[in-house]
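To start, the structure itself, in structure tokens.
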Amino acid sequence: MKSVVRQVRALHRLEPANNDHLAALRVALSVAVPSLLLLALGRADLIIYAVFGALTGMYGRSESHQLRLRHQSQAALVLLSGVAVGVFLSVNQLQSWWLVAVEAVLAGVGSVYSDRVKLKPNGPFFGILALGACASVPLAVPWYAPLLIAAGAATFSMMVGFAGWVLGRAWQAGAARDVVSLRGAAGRAAAVHAARYTLAVGLAGTLGVMSGSGHPHWAMAAAAVPLAGADLPSRVRRGIHRIVGTFLGLAVTAVVLVPAPWSFAPLFVAHQVAVLAILVIVFQFSTELFMARHYGLAMVSFTPVILLMTQLAAPIDPSLLILERGVETFVGALVGILVVVAVRTRPAGVAPLFSLARRARE
């Protein structure tokens, strides 16, 4: 009983602040510059690619500048790979079951890679999200344009993350991020974790396609969220945070997008595109402000980020957009929770992945 109470309390616990405003400012700046440049050029529909590239800035937030640069370059590989594969699927109009199959396989591959290089935030979630979102957006420009935009935004975000080095200029020769050797028990643990990703993403995508939703990739991304937790309780909490935070974020999105007397939408009809682009930047700042402290609160802001930039890229009825996001997130997060409960590593005799690597080094 005490264990249950402790886990319920953990759902509401807000972790202590750790210079979160600095990380949030870096990410907001990384998103703002390429997004505002595209807005000035009259191509707000391409902001979605800039945002996914700029999410590189979310990684390595507490590391030294030297290691942050290495960390972000590793994360950029995941994000840009997701954008590239998504653009390929979009150009060739490979949707529905193609999207599910490709994303499920790459979720497993991305899991092994992120476990090996120890990405923080954990797992291939943002790469999966980028893949599905880019695949679902019709491409009205040459295929290389989104790739150049995403790569440029990723490069700029790494420059922002490294800019503080100019003040101290402390460079430690030979410094490197730890890389986990995926052999023996560590390799088996990584394989099981990758299998979770493939199963959860594939199953959620299958349900999304069968439901007839226009955004099954949202279910696949939501299914990946619980898998990033360190243990079973934290994984279940992340799934619950994803559902509750998304629903609260949908209420915020409705106030911005849905034309109604109680919403803000009628107030900026003449400048809707510009307002939505600016709100993407603002909400991304508040997302990063809480990402490390409380995942559910971060989702209240990240949900509008995804929906607003989706609406800029391929506008549809806002009510339908919000409804599909809610349904797909609920289904996907529930699938993810069920998978982490059903698929586990051996409880005895097998140390966690990172503990094994640490012992080997010692």
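The values are calculated or read from the model by the stated rules, or taken from the named source; none is laboratory data. From a predicted model like this one, the values you see are computed outputs, not experimental measurements. As a convention, Cβ positions derive from the backbone with ideal geometry for all residues, glycine included, and neighbour counts pool all protein chains shown. We work out accessible area using only protein heavy atoms, side chains counted, and drop any ligands, DNA or RNA first. Shrake-Rupley method; radii C 1.70, N 1.55, O 1.52, S 1.80 Å.
Things to note:
- Gain in span if fully extended, S73 to V255, counting 0.36 nm per residue against the direct Cα distance: 61.8 nm
- Accessible-area composition of segment 288-330, carbon plus sulfur, in percent [1.4 Å probe]: 74
- Modelled this way, with points 7 Å down the Cα-to-C-beta line, the labels at Q93 and L41 are 2.7 nm from one another.
- Unit charges at the beta carbon, dipole of the chain: most positive-side option, H65, V180, L46: V180
- The charge dipole of the chain, taken about its Cα centre with unit charges on the Cβ of Lys, Arg, Asp and Glu (plus for the first two, minus for the last two), comes to roughly 1480 debye.
- Calculated SAXS-style log₁₀ I(q)/I(0) at q = 0.10 Å⁻¹ - segment 95-235, Debye, Cα scatterers: -0.45
- Accessible-area composition of segment 101-194, carbon plus sulfur, in percent [1.4 Å probe]: 67
- Table column - 3J(HN,Hα) (Hz), segment 194-211, Karplus curve with 6.51, -1.76, 1.60, x for Gly and Pro: 5, 5, 4, 4, 4, 5, 5, 5, x, 5, 5, x, 4, 5, x, 5, 5, 6
- Volume of the Cα convex hull of the chain, divided per residue and given in Å³: 149
- Protection proxy ranking of 301-311, 125-135, 239-249, 225-235 - average other beta-carbon atoms within 10 Å, highest first: 125-135, 301-311, 239-249, 225-235
- Over 13 Å [Cα-Cα, segment 235-296], rounded percent: 69
- On a per residue basis, the chain carries 45 Å² of accessible surface, using protein heavy atoms and a 1.4 Å probe.
- Additional length obtainable on full extension of the chain from N122 to A140, 0.36 nm per residue less Cα span: 3.2 nm
- For segment 175-252 and segment 34-97, distance of Cα centres in Å: 19
- Stokes-Einstein translational diffusion, segment 151-218 - Kirkwood Rh over all Cα pairs, 1.002 mPa s, 20 °C, in µm²/s: 128
- Site pair A101 and F268 shows an inter-label distance of 4.2 nm when each label is modelled 7 Å from Cα along Cα→Cβ.
- Here segment 116-256 is treated with +1 on each Lys and Arg Cβ and -1 on each Asp and Glu Cβ, and its dipole about the Cα centre works out to around 460 debye.
- Projected label points at R13 and I240, each 7 Å from Cα along the beta carbon direction, are separated by 1.3 nanometres.
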